[in-house]
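Notes for the one structure printed next.
The values are calculated or read from the model by the stated rules, or taken from the named source; none is laboratory data. Please read these numbers as outputs of a predicted model, since none were measured by experiment. Note that we place each Cβ from the backbone using ideal geometry, even for glycine, and neighbour counts take in every protein chain shown. Each accessible area value is taken on the protein alone, full model and side chains, heavy atoms only, with ligands, DNA and RNA left out. Shrake-Rupley method; radii C 1.70, N 1.55, O 1.52, S 1.80 Å.
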Amino acid sequence: MKLDYTEIGKRIAARRRQLGLKQAEVSELADISNTYMSSIERAVSIPSTEVIMRLAIALDTTPDTFLVGSARREDERWRAVAERLRTMDSRQLDLAESFLTWLSEQN
């Protein structure tokens with residue numbers, strides 16, 4: 001499955017607007033720069049798994065809302081996974097991202 005970063009950016013922007021938040025507010029919550037936030041929404045920059053997770057937490061949703069356009073709010077496992085990823089160091093996140101990429105390519 002190939003990710004459409006233009007759609008991901010649109011979904012992030014839509015969720016931000018739905019919550020009545022400005023880019024600067026979300027940037028601060030997700031601990032990223034305002035410029036990077038704008039670049040993600042415009043599909044100029046490709047966010048890492050870590051950044052997608054931080055944005056999902058900042059925007060009170062799950063990563064799949066941005067990645068595939070559907071939320072699984074009823075499933076608290078998504079939030080638990082997001083919280084686990086949030087506490088990982090860079091090496092662990094790289095490993096998790098590699099595993100998730102491999103897993104998404106499985107039929």
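Could you grab the pairs with beta carbons closer than 8 Å, sequence gap of 6+ or different chains, first residue in the stretch 78-107 and without any contact (Cβ under 8 Å) to a residue 40 or more places away in the chain, second one assigned to a loop (DSSP other than H, G, I, E, B) and open to solvent by less than 100 Å² (accessible area, probe 1.4 Å)?
Trp78/Thr62; Arg79/Thr62; Ala82/Thr62
Hey, can you tell me all the residues within the stretch 20-46 that are buried (at least 18 other Cβ atoms within 10 Å of the Cβ) and either in contact (Cβ under 8 Å) with a residue 40 or more places away in the chain or closer than 15 Å to Glu83 by Cα (or both)?
Residue satisfying the conditions is Ala30 alone.
Here's the yes/no breakdown for (1) touching a helix residue (DSSP H, G or I) at 6+ places or on another chain (Cβ under 6 Å); (2) modelled with pLDDT of 95 or more:
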position: Ala13; (1), (2): yes, yes
position: Ser39; (1), (2): no, yes
position: Thr49; (1), (2): yes, no
position: Pro63; (1), (2): yes, no
position: Glu76; (1), (2): no, no
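Is it the case that the stretch 5-17 has a residue that's of a type in the set (Gly, Ala, Ser) and under 28 Å from Trp102 (Cα atoms)?
Within the stretch 5-17 (the criterion being of a type in the set (Gly, Ala, Ser) and under 28 Å from Trp102 (Cα atoms)), the answer is yes, since at least one residue qualifies.
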